[in-house]
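Student: Let me begin by handing over the structure; questions about it come next.
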């Protein structure tokens, strides 16, 4: 796949389209207005997204060359991952996460219906490599139409191989318990919300263990259904720490999805906890992985990103 496959001609915005207003917010709004008209995306929602990106509250704004910023953002209703290009005659101030600002004349807007983690890892290094020379940046800044951008062979012919990472199949978990959570409460949660697995986390949300439906069922069978549903226990009530599986394997968001899938198949597990900087953020399951791997051209299709109770 090449960058030319992502470029949408209708999404090009040049200096003449900005009417002298070269602010980052107005530039993004100009591009996103084209997106709404070309892709039947709700205009109010996408213009709200433009404002949030301009203020640094949503998406990513990353420098990929001197005077060139790449914007990465998720638009769930978009049909496929696409690229829009905006060029300004004068430098604009771009605010990035953390309050840092940079000056840019070109904005490359990568919009995707799925997660932006794959774009960040797979596309940005390639774009940075192509735009490493001032001559190519000057050519890009001189573009006045989508045809001019397509004429930049070094950029448009840059090839990349989409590959899936764990973040593509991540199902954010909405529930977690602590080691001292009574088992009666854990059972109530799992039954009421139909949860097949719940993580047991520490004070910093690090994963300490996991409780599965199998663990819960074993507890109910051993103790009897009445005790499994009630806090009235003859002896000291059991807590999550007493039944959780402590020997667990976690994967990180940026780990190759194929590697995680092999782990699950080889170990015969139904799900794996996913961590970000040591903090639990969700699960991947066999179903969520299959749903992603069955669509090999991830960058051109919508991804499954709904929250799940696992």
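Derivation of every value follows stated rules applied to the coordinates shown; laboratory data play no part. The model shown is predicted, which means the values in this text are computed figures rather than measured ones. All Cβ positions, even for glycine, are placed from backbone atoms using ideal geometry, and neighbour counts span all protein chains on display.
Student: I'd like the orientation of helix 24-39 relative to the chain: the angle between its Cα long axis and the longest Cα principal axis, in ° from 0 to 90, rounded to 10.
Tutor: 80
Student: Let me ask something else. Rg (Å, one decimal) plus Dmax (Å, integer) for the alpha carbons of region 2-132?
Tutor: 13.3, 36
Student: A follow-up question, please. Three principal axis extents, largest first, for the C-alpha atoms of region 168-300, in Å?
Tutor: 57, 28, 25 Å, listed from the longest principal axis down.
Student: Rg and Dmax of the chain over Cα atoms: what are they, in angstrom?
Tutor: Radius of gyration, then largest Cα-Cα span, for the chain: 23.9, 79 Å.
Student: Calculate how many DSSP beta bridges within the chain are antiparallel, expressed in % of all such bridges and rounded to the nearest 5.
Tutor: 70
Student: Then there is this: Which of 247, 43, 82 moves the most in a Gaussian network model of the chain with Cα springs under 10 Å?
Tutor: Maximum fluctuation in the GNM of the chain, among the listed residues, is at 247.
Student: Any idea what the relative contact order of the chain is, in percent, if you count C-alpha pairs under 8 Å spaced at least 6 apart?
Tutor: Averaging sequence separation for qualifying contacts and normalising by length gives 19 percent for the chain.
Student: Between residue 45 and residue 175, what FRET efficiency comes out of the Förster formula 1/(1 + (r/R0)^6) with R0 = 22 Å and r the beta carbon distance, rounded to 0.05?
Tutor: 0.20
Student: Kindly provide the helix-only [θ] at 222 nm of the chain, computed as the sum of -39,500 (n - 2.57) over DSSP H runs of four or more divided by all residues, to the nearest 500 deg cm²/dmol?
Tutor: Here the helix-only value at 222 nm equals -9500 deg cm²/dmol.
Student: Still on this structure, I have one more. Treat each spin label as a single point 7 Å out from the Cα along the C-beta direction, and report the residue 128 to residue 37 distance in nm.
Tutor: 3.5
Student: Highest mean first, how do 44-53, 261-270, 139-148 rank when packing is the count of other Cβ atoms within 10 Å averaged over residues?
Tutor: Going by the mean number of other Cβ atoms within 10 Å, highest first, we get 44-53, 139-148, 261-270.
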